[in-house]
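Below is one structure, written out as structure tokens, with a few remarks after it.
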Amino acid sequence: MPGNGYIIEGIGFMKSNYLAIKDQIIALRRDLHAHPEVEFDLPYTADAICAFLDEHGISYQRDIAKSGICALIQGDYPGKTLLLRADMDALPVTEETGLSFASVHEGNMHACGHDIHVATVAAAGVLLHGMRSSLCGNVKLIFQPAEEGVGGAEPMIAEGIMENPHVDAALAMHVSPLSPAGVIEVKSGACMASPDHFYLTIYGKGTHGAEPQNGINPVAAGAEIVSALYRAVGEVAADESVFSVCCFNGGTATNVIPDTAFIGGTFRSFSQEEREQVEQTMDREISAICARYGATYDFNYVYLYPPVINHPELTVAFAASAKKVVGEQGIKWLEKPFMLGDDFAYFGKSVPACYFRGGCAPTLPAEPLHSPRFMADENCIEAGALAMVQFALDFLKNNE
């Protein structure tokens, strides 16, 4: 056993070690920010991360689920394994920040802070790698593709990243523009919702707008459907859920009834039973209204990620570790979950997991996530990385 080797975990020691690599970490973050890539197609991003890991002597496997990376830090003493996850894909958003390192890829932007997430886990990895001679157990660094929309966590898990060695717990950070750098936001239990989408195409019969009796108006049917769905879903869904119709497209002229209309949106929930009940309710309402109009339809309810549920005991333990880094005033317990979704949920279905938020607002109020003007205070990397390192040390020290 390492005996008193954990003395090196002192906050001052960790901060000085972070300062020694800070310029490299910031350079990595800015390089990734300037070269955003989306979904699974991340060649530049993966190469940059692997080059960084090579520079610091951290072993890894790459090309997992197309572009994912799994790095392993093995302590000199046996023990548990903690997984630290960073998503690394960007969004199809045109950047409007004016930063000197703004995106050079027109139409793509790190508008959700995944470049910050990568830098944070990379920094934590370097610090923990330097402490491996006194570590009891292992730390896996997961750099995951395709969090935005299609999901890269599940295919990476399917390719075996939770084994060899077996993962005992998982931790991840998401930036938060609601708090300044140095604040760690934590929430026990339900943290983020399941982000299901729905797609509805209504097929009518086009005709002149002055002669509606000669056609079937899909726009009129759609308007009635939207109102009916809000009412019906509201009757079966819990208070902690969100139903939103986000697009309604039909027709191109003011005097032409079109053949088709399209409606799409999202339902957010924390209950699998509720998700299934809402799908059935929607289909029933759509079917009844289309039948009255004589229209037909295609309805597709897409189940995306499950909700993110933070393990209560692990979350309390993480908050205690993070408090050593940011102080009691730097810990912000959240009362309500966020209705955003994240496929970190799949890690939580496999092992106890905690998803925390690291304050990143350069000023308050700050631009929200997914805004083309979203910017992050890079000091959030230090707070997030040191909180991860401190939790890793505390978690691995306890081998029970």
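The values are calculated or read from the model by the stated rules, or taken from the named source; none is laboratory data. Keep in mind that this is a model prediction, so the values were computed, not measured. Because the Cβ atoms are built from the backbone with ideal geometry, glycine has one as well, and the counts that use them run over all protein chains shown. Heads up: the accessible areas ignore ligands, DNA and RNA and are worked out on the full protein's heavy atoms, side chains in. Shrake-Rupley method; radii C 1.70, N 1.55, O 1.52, S 1.80 Å.
For this structure, a couple of remarks:
- Remark: the stretch 259-270, residue by residue, has Karplus-estimated 3J(HN,Hα) of 6, 9, 9, 10, 10, x, x, 9, 10, 10, 8, 10 Hz, where x stands for each Gly or Pro and the curve is 6.51 cos²θ - 1.76 cosθ + 1.60 at θ = phi - 60°.
- Residues whose amide H comes within less than 5 Å of that of residue 83, counting only those at least five positions distant or on another chain, are 140, 168, 169, 170, 171 (H built at 1.01 Å from N in the peptide plane).
- Between 130, 215, 264, the residue with the greatest mean-square fluctuation in the GNM of the chain (Cα pairs under 10 Å linked by springs) is 215.
- Check: the chain dipole with +1 on Lys, Arg Cβ and -1 on Asp, Glu Cβ, in debye: 760 debye
- Residue of 385, 288, 190 that the Gaussian network model of the chain assigns the largest fluctuation, springs spanning Cα pairs under 10 Å: 288
- The long axis of helix 11-34 is offset from the longest Cα principal axis of the chain by roughly 40 degrees.
- Each of 363, 340, 395 was placed along the dipole of the stretch 337-400 (beta-carbon charges, centred on the mean Cα), and the one lying farthest toward the positive end is 340.
- In the stretch 141-225, taking the dipole from charged Cβ atoms about the Cα centre, the farthest positive-side position among 167, 141, 216 is held by 216.
- Rounded Å value of the spacing that divides the Cα centres of the stretch 69-105 and the stretch 367-400: 11 Å
- Contact order normalised by residue count of the stretch 8-102, Cα under 8 Å, 6+ apart, percent: 29 percent
- Of every Cα-Cα pair in the stretch 319-396, the percent that sits beyond 14 Å: 71 percent
- Counting only DSSP beta bridges with both residues in the chain, the antiparallel share comes to about 65 percent.
- Relative contact order %, the stretch 145-239, counting alpha carbon pairs below 8 Å whose residues are six or more apart: 11 percent
- Between 347, 374, 13, the residue with the greatest mean-square fluctuation in the GNM of the chain (Cα pairs under 10 Å linked by springs) is 13.
- The stretch 231-303 pair-distance distribution - Cα-Cα, 10 Å bins, rounded %: 16, 46, 27, 10, 1
- Across the chain, Cα-Cα pairs farther apart than 29 Å form 48% of the total.
- Accessible area per residue in Å² at 1.4 Å probe, computed on the chain: 41 Å²
- DSSP bridge analysis restricted to the stretch 61-214 gives an antiparallel fraction near 45%, rounded to the nearest 5.
- Signed unit charges on C-beta, dipole axis of the stretch 40-90, positive-most listed residue 52, 77, 64: 77
- Euclidean distance of C-alpha centroids, the stretch 215-257 and the stretch 119-136, integer Å: 51 Å
- Shape of the stretch 5-88, Cα gyration tensor, a/c cut at 1.5: oblate
- Globularity ratio of the stretch 139-290, using Cα Rg and 2.2 N^0.38 Å: 1.46
- For the stretch 44-189, convex hull volume per residue from C-alpha positions, Å³: 144 Å³
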